[in-house]
1. Grab the strands (runs of 3 or more DSSP E) fully contained in region 47-119, keeping just those with 1 or more residues being at pLDDT 95 or above, of a type in the set (Phe, Trp, Tyr) and closer than 30 Å to Thr314 by Cα.
2. Quick check, is Gly164 farther than 21 Å from Val240 by Cα and surrounded by 16 or more Cβ atoms within 10 Å (Cβ to Cβ)?
3. Please enumerate the residues belonging to region 1-44 that are among the basic types (Lys, Arg) and at pLDDT 90 or above.
4. Exactly one condition in (1) crowded, with 16+ Cβ neighbours inside 10 Å; (2) more than 28 Å from Lys291 (Cβ to Cβ); (3) among the acidic types (Asp, Glu) is false for Glu91; which is it?
5. Any residue in region 120-142 that is of a type in the set (Phe, Trp, Tyr) sitting within a Cβ distance under 6 Å of a residue that is in a strand (DSSP E or B) and modelled with pLDDT of 95 or more? List the pairs, counting only those 6 or more apart or interchain.
6. Among the residues of region 139-149, which ones are under 17 Å from the mean Cα position of the chain (by Cα) and within 16 Å of Ala226 (Cα to Cα)?
7. Please verify whether Pro303 is surrounded by fewer than 21 Cβ atoms within 10 Å (Cβ to Cβ), out of contact with any Asp or Glu (no Cβ under 6 Å at 6 or more places or on another chain) and not assigned by TED's automatic domain parsing to the domain that holds Phe49, treating the condition exactly as stated.
8. Within region 267-278, does at least one residue satisfy the condition of being in contact (Cβ under 8 Å) with a residue 24 or more places away in the chain, assigned to a strand (DSSP E or B) and either in the same structural domain as Gln37 (by TED's automatic domain parsing) or surrounded by fewer than 22 Cβ atoms within 10 Å (Cβ to Cβ) (or both)?
Amino acid sequence: MNFTKILTLAGITAFAVSPVVAQTVGIGTTKTGATSQVTAAIASITSKFAGMQMRPAPMAGTQKYIPAVNSGSLEFGAANIMQTTWAIKGEVLSKGHPNPNIKIVATLMKFRVAPLVAKPSKYMSVKDLKGARGPSGFKAAPLFNELVKAAMASSSMTPADLKGVPISALVPSWKALMAGKIDFAIGAYGSGFMKRIAQKTGGIRFLSLDNSAAAQARIAKIIPGAFIKTVKPNPKIPGVEVPTNLFHFDYILFAGKHVSNDVVYRVTKAMFENKKALVAASGMWRGFSAKGMSKDQKLAYHPGAMKLYKVKGTWNR
């Protein structure tokens, strides 16, 4: 299905009354989790302010909808900077399958993630995870194999130091943690699902990562574009009760080369001018900055987005 097609009216009479129908575009997303929250907000703001309808197209994982955007069967998608870069260049998770038709639209916000445990558990640091039951496999969401690998590498360990429990995707890993089938999962700080885990497990705790120069260098080789930074406690967000070091990396909105400059311009403009509405749609947007949307990611931006940033005076290259 190509979401760029103009919706037709069901009946001849209705068509005669309203010959022009709002354009509908699609945005690839995950079925649940932080990505679904981010894309739902983009779809809402686009539909309200951009003069078109945007509908989320939930799929099993980012690696499923990236090729759809590249092929032209879907307009937009959102992913972390690592997966986006690998996809465009045909590396790591997209090895041998480059997606050259994907163009950056905007840098959205920083995602903050780390190993997550039930608060009553004995695990207080990443080093404590040696011998613990950890999620593995992630056939539907292979990025999380890389995040587990990076988390373990921060403390000079590897996934081989864990007792691997096969898990298909991210949300199943969270459900396995709630069910006591694994000892930790990878969680996104501020994601709505974290509150659900906390309610089920008696509270949650993000395990602080080593942020030494040596640890930073090790994780940079595994998940380039990510870095370790301290997060201070926020009583409104569970999981961090003392300053805790988490992975930070940019989240990206991208579009297919086939999407018109006008469509991309209007979507970009809607986000640029409506931060309050984005934050109201999801707390994940608290760190969003309109001026930061045009951040140089060393990847090609879509011409429609570039046009908007030049109009707003934020395109400095």
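1. Passing ranges, in order: 76-80.
2. no
3. none
4. (1)
5. Filtered contacts from region 120-142: Tyr123/Val117.
6. Leu143, Phe144, Asn145, Glu146, Leu147, Val148
7. no
8. no
The values are calculated or read from the model by the stated rules, or taken from the named source; none is laboratory data. A quick note: this is a predicted structure, and the numbers were derived from the prediction, not measured. Ideal geometry is used to build each Cβ from the backbone, glycine not excepted, and the neighbour counts take in all protein chains shown.
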